[in-house]
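To keep things clear, I will list the structure first and then write my remarks on it.
The values are calculated or read from the model by the stated rules, or taken from the named source; none is laboratory data. None of the values given here were measured: they were computed from a predicted structure. Here the Cβ is made from the backbone with ideal geometry for all residues, glycine too, and neighbour counts use every protein chain on show.
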Amino acid sequence: MIKPLRLALALLLLSAPAQAFETQARAAWVYDMTTQTVLMDKDADEPLPPASMSKLMTINMLFEALRDGRVQLSTPFAVSSRAKAMQGSTMFLNERDRPTVEELIHGMIINSGNDACVVVAEGLAGTEEAFARQMTERAAALGMENSHFANSSGWPDPNQRMSMEDLGILAVRLISEFPEYYPIFAQTEFDYQDRSPANRFNRNPLLKLNIGADGLKTGHTSEAGFGLVGSARQGDRRIVFTITGLPSDKARAEEAERIVNWAFRQFSMKTVVKSGVHIADAEVWMGEQDRVGLVAAEDVTRLVPALAQDTMTAEVVYSGPVKAPVKAGQKVADLVIHIPDLPDARIPLVAETDVANAGFTRRMLGAARALISRALPADSPAS
């Protein structure tokens, strides 16, 4: 049977709920990459128009092509009349140009070039329509369950949809899987052949604030409002966040800065369990000892809310009694820590010592006790 054992852990008395963050965004998702903890989720699984934030998927597809060796940074791509005709934010490409993969990456990230996205789509898949289908299939394979693409740039289309969680999953992937290219997201200027001095600046409002921000992509259409996929690193922690539906670029900048400050100031890293420290005991069946101590195999660090008021709670959960023999270091149970305003932390616990099989006499006594227990009515006093 599953046996929960509730604990009062003195080492957890540092904790308490964080102040709830009320975001003005239509939808939002905030994630601590260091501890893999979701700090905020507001309608994060709802498919919404992503605007230029969906360029991150085009960028991911190009990064994958680089990693697979299908293209090199120096590979030139052709510019079609369709790409040249793209409106909105562009690199100002024309049909005579042969921009390299490296230039197109900068154009998509820094200039938010719609023309650059079409060039990449056609260069990798032949047509933008085929590329959009590939984007949708790849997103599903990456666990992005609420994403569907109709184009490569985020140009308004009723079939172009992404959830904030999906954009966050994509951001985490770009940071962790492509560290050699990720620093481009922090670059503040790029002007292809000096053609677009007015459009050369990175639109990410956080890059100039000295708060550890180093990516990733803004977006705006009349339907989507103003949005941002952002990331910042302070000390040993990195957060990723996605917001959309803000009424202005000023509101987007202010909300993004508020989220970064909240995520780093309202939560801190704590060692909640030390390795080898006795946590609890589990019952043992047919062993030389009736119980075995439970410990964590290694130090466990978790993100916990600051400004303590209420304590966290914890319980040990295991299927028991545990059948002998038991080996030291064998996983026996889980320590489930209930953290206010955060998902539960589930930590494996292992046996502290060996427990050998019981001798003949002890086994017979244990079997007799079990038979008597089963024979007695449920409300009978223990014999």
Practice problem: Could you grab me the full set of residues in region 105-153 that are surrounded by fewer than 17 Cβ atoms within 10 Å (Cβ to Cβ), assigned to a helix (DSSP H, G or I) and of a type in the set (D, E, K, R)? | Solution: 129, 133, 137, 138
Quiz prompt | Filter pass, residue 309 being in contact with a strand residue (DSSP E or B) (Cβ under 7 Å, 6 or more places away or on another chain), modelled with pLDDT under 90 and part of a loop (DSSP other than H, G, I, E, B) | solution = no
Quiz item: Would you call residue 288 among the charged types (D, E, K, R) and either under 23 Å from residue 38 (Cα atoms) or in contact with a helix residue (DSSP H, G or I) (Cβ under 8 Å, 6 or more places away or on another chain) (or both)?
Solution: yes
Quiz item: Taking region 237-263 as the region of interest, how many residues are of a type outside the set (Gly, Ala, Ser) and more than 16 Å from the chain's Cα centre (by Cα)?
Solution: 12
Quiz item: Of all residues in region 249-275 being in contact with a strand residue (DSSP E or B) (Cβ under 6 Å, 6 or more places away or on another chain) and loosely packed, with under 14 Cβ neighbours inside 10 Å, which is modelled with the lowest pLDDT?
Solution: 271
Quiz item: Which of the residues belonging to region 192-231 are of a type in the set (D, E, K, R), over 28 Å from residue 161 (Cα atoms) and in contact (Cβ under 8 Å) with a residue 60 or more places away in the chain?
Solution: 195
Quiz prompt | Top-ranked residue in region 199-248 [being among the hydroxyl-bearing types (Ser, Thr, Tyr) and not in a loop (DSSP other than H, G, I, E, B); ranked as nearest to residue 302 (Cα to Cα)] | solution = 231
Exercise. Identify the single condition in (1) within 20 Å of residue 243 (Cβ to Cβ); (2) crowded, with 17+ Cβ neighbours inside 10 Å; (3) of a type outside the set (Asp, Glu) that residue 156 does not satisfy, given that it satisfies every other one.
Key: (2)
Quiz item: If you go through region 283-302, how many residues are free of Cβ contacts under 8 Å to residues at least 24 places away in the same chain and assigned to a loop (DSSP other than H, G, I, E, B)?
Solution: 2
Quiz item: Do we have residue 182 as of a type in the set (Phe, Trp, Tyr), in contact (Cβ under 8 Å) with a residue 24 or more places away in the chain and either farther than 16 Å from residue 89 by Cβ or not assigned by TED's automatic domain parsing to the domain that holds residue 209 (or both) here?
Solution: yes
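Conditions (1) touching a Gly at 6+ places or on another chain (Cβ under 9 Å); (2) modelled with pLDDT under 95; (3) under 28 Å from residue 338 (Cβ atoms), marked per residue:
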{"site": "23", "(1), (2), (3)": "no, no, yes"}
{"site": "51", "(1), (2), (3)": "yes, no, no"}
{"site": "99", "(1), (2), (3)": "yes, no, no"}
{"site": "105", "(1), (2), (3)": "no, no, no"}
{"site": "108", "(1), (2), (3)": "no, no, no"}
Practice problem: Within region 159-173, work out how many residues are assigned to a helix (DSSP H, G or I) and surrounded by 24 or more Cβ atoms within 10 Å (Cβ to Cβ). | Solution: 7
Quiz item: Among the candidates 191, 214, 166, which residue alone is over 21 Å from the mean Cα position of the chain (by Cα), acidic (Asp, Glu) and at negative phi?
Solution: 191
Quiz item: Residues 151, 159, 199: which one is farther than 21 Å from residue 36 by Cβ and at pLDDT below 95?
Solution: 199
Quiz item: Could you say whether any residue in region 140-147 is at pLDDT 95 or above and closer than 11 Å to residue 58 by Cα?
Solution: no
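One line per residue, one yes/no per condition, for (1) free of Cβ contacts under 8 Å to residues at least 40 places away in the same chain; (2) more than 27 Å from the chain's Cα centre (by Cα):
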site	(1), (2)
101	yes, yes
108	no, no
119	no, yes
130	yes, yes
134	no, no
140	yes, no
147	no, no
150	yes, no
